[in-house]
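Below is one structure, written out as structure tokens; comments come after it.
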Amino acid sequence: MENLNVFHETIELMFDDDIPKRLLKIGVYRSIDILEVSAVIMFTKGVLSCLRDLETKPWNEEEEEKLRSLFNRLKLNDDATRDILVRLYLLDSVDSQQRNLARQLVLSITTCQ
């Protein structure tokens, strides 16, 4: 365990009556850490609560990359992760579409078509 504080916080969540309320008070990076620990110790309620929490918060690039890495390493319930996976990989799809459109525009302008 890299961070004992995250492990301790996750164990405390197991005894908390209102996990979502507690997760609202922490940042995305910490929620991802708690998600990882919850998945490793098979704390399903913690995993689901973290996933719901992460669905509602904006991520920066570092947090997004951390989520991708986590999803690649851990096998999480597909139904529970569907919304986050769509959000993670939709951005790739949009970027790809924008690059293709930009390429077509440049080609059209340079060839006068």
Is at least one residue of the range 102-113 at pLDDT below 75, in contact with a Leu (Cβ under 9 Å, 6 or more places away or on another chain), open to solvent by 50 Å² or more (accessible area, probe 1.4 Å) and farther than 24 Å from VAL6 by Cα? yes
Where residues in the range 48-62 are in a helix (DSSP H, G or I) and in contact with a helix residue (DSSP H, G or I) (Cβ under 7 Å, 6 or more places away or on another chain), which of them is most open to solvent (accessible area, probe 1.4 Å)? ARG52
Please find, within the range 1-47, the residue that is most open to solvent (accessible area, probe 1.4 Å) out of those that are out of contact with any Asp or Glu (no Cβ under 9 Å at 6 or more places or on another chain) and basic (Lys, Arg). LYS25
Residue check for VAL28: in contact with a Pro (Cβ under 9 Å, 6 or more places away or on another chain) and modelled with pLDDT under 95: yes
May I ask you to say which residue of LEU88, LEU35 is part of a helix (DSSP H, G or I) and at pLDDT below 90? LEU88
Would you please list the contacts, defined by Cβ atoms under 9 Å and residues six or more apart or on different chains, that run from a residue in the range 36-58 that is within 20 Å of LEU88 (Cβ to Cβ) and without any contact (Cβ under 8 Å) to a residue 24 or more places away in the chain to a residue that is loosely packed, with under 15 Cβ neighbours inside 10 Å and not small (Gly, Ala, Ser)? THR56/LEU24
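The values are calculated or read from the model by the stated rules, or taken from the named source; none is laboratory data. Note that the coordinates shown come from a computational prediction; the quantities given were computed from them, not determined experimentally. Cβ: placed from backbone, ideal geometry, glycine included. Neighbour counts: every protein chain shown. Calculation scope for accessible area: heavy atoms of the full protein, side chains included, ligands and nucleic acids excluded. Shrake-Rupley method; radii C 1.70, N 1.55, O 1.52, S 1.80 Å.
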